[in-house]
Amino acid sequence: MQFLIPANTKKSMLIFGAFTTFDLILFGVGIGATILLLLIIAPNSLLTAVIDLLPALICGFLVLPIPNYHNIRVVIQELYRFYTTRQRFIWKGWCVKDEFGDSQQIHK
């Protein structure tokens, strides 16, 4: 028997169907820092208002859910890992004849 697993099966494991605990903590820290900055630096001009809101905006951007990935933070982590670690891709396509045979193992 073959079963199709829907793409959203892990949504039930997430908070509100989109966030992990770390995501909510990160967003909470950004909101807390924004509130603290609003108390310390009064937004008298546009520049100070942007500076005050910057932590919440950055943390909100990082936990923004996107398709095919969990959120922006995961995309940034994957890009970092892709460009900083040594890549070794092993590809074995659909071949009529296997040149190496089954006796040779592929080492990672």
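Each value in this text was obtained by applying a stated rule to the coordinates, not by laboratory testing. Quick caveat: nothing in here was measured; it's all calculated off a predicted structure. Heads up, the Cβs are rebuilt from the backbone with ideal geometry, glycines too, and the neighbour counts pull from every protein chain shown.
Report the residue count in the range 50-69 for those that are under 30 Å from Met13 (Cα atoms), β-branched (Val, Ile, Thr) and surrounded by 12 or more Cβ atoms within 10 Å (Cβ to Cβ).
Number satisfying all stated conditions: 2.
Residues of the range 10-49 being loosely packed, with under 13 Cβ neighbours inside 10 Å, of a type in the set (Phe, Trp, Tyr) and outside any helix (DSSP H, G or I), which ones?
Phe16
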